[in-house]
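See below for the structure under consideration.
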Amino acid sequence: MAEIIVVTSGKGGVGKTTSSASIAIGLARRGHKTAVIDFDVGLRNLDLIMGCERRVVYDFVNVIHGEATLKQALIKDKRFDNLFVLAASQTRDKEALTRDGVEKVLKDLAADGFEYIVCDSPAGIEKGAFLAMYFADKAIVVVNPEVSSVRDSDRIIGLLDSKTRRAESGQPLPAHLLLTRYSPARVASGEMLSVGDVEEGLGLKAIGVIPESPDVLNASNKGEPVILETASEAGQAYEDAVARLLGEERPMRFPPLEKKGFFSKLFGG
């Protein structure tokens, strides 16, 4: 039975697609057959970060509308035989996705032996975001340690609690916090929220804390998700997050600092 994981956020530019790519690679590297799907119709980016943009022939929308088979559209990763990418369409509008179509793709992937399906959601509350989260078994909420990101993500958590299939059946959707672009020095100076601030503000526990690092952008520009950079602290932090996602106990590389910043006052700190 495949586990469907939605990677979501309240606003754009927080590192959601970067996180989706690294999580998918982390799962595949541990031997799990994994698919990662780009739900951001019209703004395709996942294939760029995964380094397979030149190999996209058919996309997610083509499959949903019967213009291609799932086998035709899935792109096998060149680094891991058990990792596949399903790209978004750049030419369709966001209404091209349908609930029935998305459900069929997910069921077909499960029937084909995929253990994990990572859904890279668009930011915000558009149709693609609703469909990315609707069938999820688990959610990862990607947040930057700043007030606007936390507030926007709080709204997304409300949707996870009310607008998913699990919520409709009375089951809570397990959700984890993934904090990105974290700088302990900026937390200490009061410019940035601490891990504890964000956990308290959202009511979620952090599954990972990814440090602010040029390695993330450099890796993405090369089509090599940063988790593959084993010497990078950011890559190591993503590897830790994947381990925790699978139930392993690992200490945080960037523990919460006791000194709270200015913004923590907004959350009663």
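The values are calculated or read from the model by the stated rules, or taken from the named source; none is laboratory data. The shown structure was predicted, so the numbers you read here are calculated from the model rather than taken from an experiment. Note that each Cβ is placed from the backbone with ideal geometry, even for glycine, and that neighbours are counted across all protein chains shown. Just the protein is used for accessible areas: all its heavy atoms, side chains included, with ligands, DNA and RNA removed. Shrake-Rupley method; radii C 1.70, N 1.55, O 1.52, S 1.80 Å.
Assorted remarks:
- Evaluated with a Cβ-only charge set (Lys, Arg +1; Asp, Glu -1), segment 1-95 carries a dipole of roughly 360 debye about its Cα centre, given to the nearest 20.
- Chain lengthening between GLN171 and SER189 when straightened (0.36 nm per residue, less Cα-Cα): 2.4 nm
- When each of the peptides 56-66, 96-106 is scored by how many other beta carbons lie within 10 Å of its residues on average, the order from highest to lowest is 56-66, 96-106.
- Sequence ranges 13-20, 163-170, 108-115, 149-156, ranked by mean other-Cβ count within 10 angstrom, highest first: 13-20, 149-156, 108-115, 163-170
- Between GLN90 and LYS163, the FRET efficiency from the beta-carbon distance, with R0 = 41 Å, is close to 0.95.
- Subtracting the Cα-Cα distance of THR98 and MET252 from 0.36 nm times their residue separation leaves 51.5 nm of extension gain.
- Residues in the chain average 43 Å² of solvent-accessible surface per residue, probe 1.4 Å, ligands and nucleic acids excluded.
- To put it simply, the accessible area of the chain at a 1.4 Å probe is 49 percent carbon and sulfur.
- Cα-centre dipole for segment 21-168 with unit charges at Cβ (Lys and Arg positive, Asp and Glu negative), debye to 20: 360
- Rg/Rh, computed from the Cα trace of the chain with Rh as the Kirkwood radius, has the value 0.96.
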